[in-house]
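This structure is in structure tokens; I'll ask about it shortly.
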2 protein chains.
Amino acid sequence: MSLQIEATIATFAGKLHKIVHESSAVGGQMKFNLFLPAQTSTHKVPLLYYLAGLTCTGDNGAEKGGLLCPAAQHGIAIVFPDTSPRGAQIAGEDDSWDFGTGAGFYLNATKAPWSTNYRMEDYVVNELPKLLEQQFGKEIDMSRQSLFGHSMGGHGALSLFLRYPNKYKSVSAFAPISNPSECPWGEKAFSGYLASKEEWAEHDATELIKKYDGPTPEILIDVGRGDQFYQQKQLLPENFSDASLASKYANKVNLRIHDAYDHSYYFVATFAVDHIEHHAKYLN
Amino acid sequence: MSLQIEATIATFAGKLHKIVHESSAVGGQMKFNLFLPAQTSTHKVPLLYYLAGLTCTGDNGAEKGGLLCPAAQHGIAIVFPDTSPRGAQIAGEDDSWDFGTGAGFYLNATKAPWSTNYRMEDYVVNELPKLLEQQFGKEIDMSRQSLFGHSMGGHGALSLFLRYPNKYKSVSAFAPISNPSECPWGEKAFSGYLASKEEWAEHDATELIKKYDGPTPEILIDVGRGDQFYQQKQLLPENFSDASLASKYANKVNLRIHDAYDHSYYFVATFAVDHIEHHAKYLN
């Protein structure tokens, strides 16, 4: 299985590749965007994974996130994966915007019928990096990888970082779902994808941080007080921050709650530079 | 007639207002976006008009243009108007993506049935500024206005700047249609909207610059050599640049042709900072 570059778009003196490939992890065709900064012409650069939120594809962050400009300045590649398998043909897959298609939650489902295809954790953590190394091993230094994301993807970033100590250099999140076991979106996803409730804690960032025992680069989290999903208690970032205080991460979670900002990409773009600079500290 | 703010989104420490209103210029409801930077809380700021291209609305530039970040830094407001009347109910209005809806070309049509509603020049030059002054006169200094735009909107910016000497402080364009009388898009639009061929020169930037006799702030134009529409000779920026040499604008048109870049918003975003800095020189 190899990556097919469908299009290459020049941007910020680098390249955005639009890529399609067959995925064995999710059993079907997947698409993603890969930004390679100009620095790849002279040396390998580190890689950031941008994990998008509910209903999104790999396009939203690339087009609207304001992320490429600072990534180009700091010489960081960014990969923008999709948010779920597409067209797995599971009954009910397209019934909800917050479950199934566009809502894979970056975990491996253990409950039928989802467990065959909904394996986004395996896709992001194992398959995608292998494919990138095969095809872009001269441009990307796979020993320097970090994660960030938005909303569901913010949780994906936090939970995968905590589940795989030493794999990623740093993590940050925009308006992340932070304690899925305790919010409607997370309860729906976890009860749908996971076979037993005992598994929930293994995928919930707020539970994971309590037992985490790896390196502790600062975690940057931005949330807007005007975010309707924050107000509806879907995000619960304080639960994550509070849990960190009794953990190895005590005082190293930088949770910033900003007045007014909402859940949109206008919010993500506003703090894009801060997040790229955060990761540049650990990646460069 | 007044402006109704449908939503206000916090971004880059400022505000993006999503506005709807009845327009007498085009005889129907119009929508636009208005970005007000944080500096409006202490003093009036200048105003940039971002005119979008074929098929776009006021959303594309606001979401994907990368324009708000530098505008926030320089304390410049940006208004993002729509590209045509919507729902004028003219037969054939929605048949083409390059004529009618989404393709108003920022001129006043003189040919029936378009002449009643397709009056985007009057809308952008007269009605919109009046409405903005009424409602945002404390935030925006209407004596400092400039124009920029993309593709069809790049031509809108160039042609309106040249048609109204002294009205705008500066102008720039991303991949503009530059000589519509000589390209398929322009021929279709001008023959459709204008009653006689004698009127074409009054709306063609390459013709207008030959006779222009106003102030001559540098004109910045960026085009990508990988732009399919540049390659198909829809844009013809060299015609504009060449015509300027025998005009009052001699050596003050800065046409930059960049390798590789295409016609997309990835191109616009790449040069967004340069364009905002260009206008800041004249507006601040």
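The values are calculated or read from the model by the stated rules, or taken from the named source; none is laboratory data. What you see is a predicted model, and the numbers here were worked out from it, not measured in a lab. Cβ coordinates were reconstructed from backbone atoms using ideal geometry, including for glycine residues, and neighbour counts include every protein chain displayed. In case anyone asks, the SASA skips ligands and DNA or RNA and just uses the protein heavy atoms, side chains included. Shrake-Rupley method; radii C 1.70, N 1.55, O 1.52, S 1.80 Å.
Which ones in the range B:21-70 are in a helix (DSSP H, G or I), touching a residue at least 24 places away in the same chain (Cβ under 8 Å) and farther than 28 Å from B:Pro180 by Cβ?
Listed by number, the residues that qualify are B:Ala38, B:Gln39, B:Thr40, B:Leu68, B:Cys69, B:Pro70.
What residue, among those in the range A:253-266 that are under 8 Å from A:Gly224 (Cβ atoms) and within 7 Å of chain B (Cβ to nearest Cβ), is surrounded by the most Cβ atoms within 10 Å (Cβ to Cβ)?
Selected residue: A:Tyr261.
Another question, if that's okay. Is there any pair linking a residue in the range A:142-157 that is assigned to a helix (DSSP H, G or I) to one that is small (Gly, Ala, Ser), with Cβ under 6 Å and at least six apart or on different chains, and which?
From residues that are assigned to a helix (DSSP H, G or I), the pairs are A:Met152/A:Gly53; A:Gly153/A:Ala52; A:Gly153/A:Gly53; A:Gly154/A:Ala173; A:His155/A:Ala205; A:Gly156/A:Gly149; A:Ala157/A:Gly149; A:Ala157/A:Ala173.
Being crowded, with 21+ Cβ neighbours inside 10 Å, under 24 Å from A:Leu68 (Cα atoms) and either within 14 Å of chain A (Cβ to nearest Cβ) or over 17 Å from the mean Cα position of the chain (by Cα) (or both) is the requirement here; does B:Phe80 meet it? Even if it seems obvious, please write down each step before you answer.
Values: crowded, with 21+ Cβ neighbours inside 10 Å: yes; under 24 Å from A:Leu68 (Cα atoms): yes; either within 14 Å of chain A (Cβ to nearest Cβ) or over 17 Å from the mean Cα position of the chain (by Cα) (or both): yes.
Answer is yes for this residue.
When A:Gly149 is evaluated against the numbered criteria (1) within 16 Å of A:Phe229 (Cβ to Cβ); (2) in contact with an Asp or Glu (Cβ under 9 Å, 6 or more places away or on another chain); (3) open to solvent by less than 10 Å² (accessible area, probe 1.4 Å); (4) not charged (D, E, K, R), which criterion, by number, is the only one it fails?
All conditions pass for A:Gly149, except number (2).
Still on this model: Can you name the number of the only condition in (1) away from chain B (no Cβ under 13 Å); (2) in contact (Cβ under 8 Å) with a residue 12 or more places away in the chain that A:Gly92 fails?
Going through the list (1) away from chain B (no Cβ under 13 Å); (2) in contact (Cβ under 8 Å) with a residue 12 or more places away in the chain, A:Gly92 breaks only (2).
While we're on this one: Could you tell me how many of the residues in the range B:7-57 are open to solvent by 20 Å² or more (accessible area, probe 1.4 Å), away from chain A (no Cβ under 14 Å), out of contact with any Asp or Glu (no Cβ under 6 Å at 6 or more places or on another chain) and of a type in the set (Val, Ile, Thr)?
Matching residues across the range B:7-57 total 2.
The rows are residues; the columns are (1) over 24 Å from A:Ser84 (Cα atoms); (2) open to solvent by 10 Å² or more (accessible area, probe 1.4 Å); (3) without any contact (Cβ under 8 Å) to a residue 60 or more places away in the chain.
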residue: A:Ser178; (1), (2), (3): no, no, no
residue: A:Ser181; (1), (2), (3): no, yes, yes
residue: A:Glu187; (1), (2), (3): no, yes, yes
residue: A:Ser191; (1), (2), (3): no, yes, yes
residue: A:Lys211; (1), (2), (3): yes, yes, yes
residue: A:Gly214; (1), (2), (3): yes, no, yes
residue: A:Arg225; (1), (2), (3): yes, yes, yes
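Quick check: is even one residue across the range A:232-254 out of contact with any Lys or Arg (no Cβ under 9 Å at 6 or more places or on another chain) and assigned to a strand (DSSP E or B)?
yes
Within the range A:237-252, how many residues turn out to be within 14 Å of A:Ala175 (Cα to Cα) and buried (at least 21 other Cβ atoms within 10 Å of the Cβ)?
2
Tell me which residues, restricted to the range B:123-140, are surrounded by fewer than 16 Cβ atoms within 10 Å (Cβ to Cβ) and either in contact (Cβ under 8 Å) with a residue 24 or more places away in the chain or under 15 Å from the mean Cα position of the chain (by Cα) (or both).
Within the range B:123-140, B:Asn126, B:Gln134, B:Lys138 qualify.
Regarding the range B:131-139, can at least one residue be identified that is of a type in the set (A, V, I, L, M), at pLDDT 95 or above and touching a helix residue (DSSP H, G or I) at 6+ places or on another chain (Cβ under 8 Å)?
No, the conditions are met nowhere in the range B:131-139.
Could you list, in sequence order, all residues of the range A:267-277 that are more than 10 Å from chain B (Cβ to nearest Cβ) and buried (at least 22 other Cβ atoms within 10 Å of the Cβ)?
A:His275, A:Ile276
Between A:Ala205, A:Ala250, A:Ala243, A:Ala195, which is over 23 Å from B:Ala13 (Cα atoms), in contact with a Ser or Thr (Cβ under 8 Å, 6 or more places away or on another chain) and without any contact (Cβ under 8 Å) to a residue 12 or more places away in the chain?
Step by step, each of A:Ala205, A:Ala250, A:Ala243, A:Ala195 is checked, and only A:Ala250 is over 23 Å from B:Ala13 (Cα atoms), in contact with a Ser or Thr (Cβ under 8 Å, 6 or more places away or on another chain) and without any contact (Cβ under 8 Å) to a residue 12 or more places away in the chain.
Next up: Sort out which residues of the range B:100-130 are farther than 24 Å from B:Leu48 by Cα and outside any helix (DSSP H, G or I), and write them in order of number.
Within the range B:100-130, B:Gly100, B:Ala109, B:Thr110, B:Lys111, B:Ala112, B:Pro113, B:Asn117 meet the criteria.
Over 29 Å from A:Gly66 (Cβ atoms) and in contact with a helix residue (DSSP H, G or I) (Cβ under 7 Å, 6 or more places away or on another chain): which single residue out of B:Ala269, B:Ala250 fits that description?
Within the list B:Ala269, B:Ala250, the selection yields B:Ala250.
Need a quick list: helices (runs of 4 or more DSSP H) entirely within the range A:165-226 having at least 1 residues that are farther than 27 Å from A:Tyr261 by Cβ and of a type in the set (Gly, Ala, Ser). Give the steps one after another, and end with the answer.
Working: elements: A:184-193, A:200-203, A:205-211.
Helices (runs of 4 or more DSSP H) meeting the threshold: A:184-193, A:200-203.
Go through A:Leu220, A:Leu194, A:Leu235, A:Leu208 for me and flag whichever is in contact with a strand residue (DSSP E or B) (Cβ under 6 Å, 6 or more places away or on another chain) and either of a type outside the set (Val, Ile, Thr) or over 25 Å from A:Asn108 (Cα atoms) (or both).
A:Leu220
What are the pairs with Cβ atoms under 7 angstrom where one residue, in the range B:95-116, is over 16 Å from B:His203 (Cβ atoms) and the other, located anywhere, is surrounded by fewer than 22 Cβ atoms within 10 Å (Cβ to Cβ) and among the hydroxyl-bearing types (Ser, Thr, Tyr)? Sequence gap at least six, or different chains.
B:Trp97/B:Thr55; B:Gly102/B:Thr55
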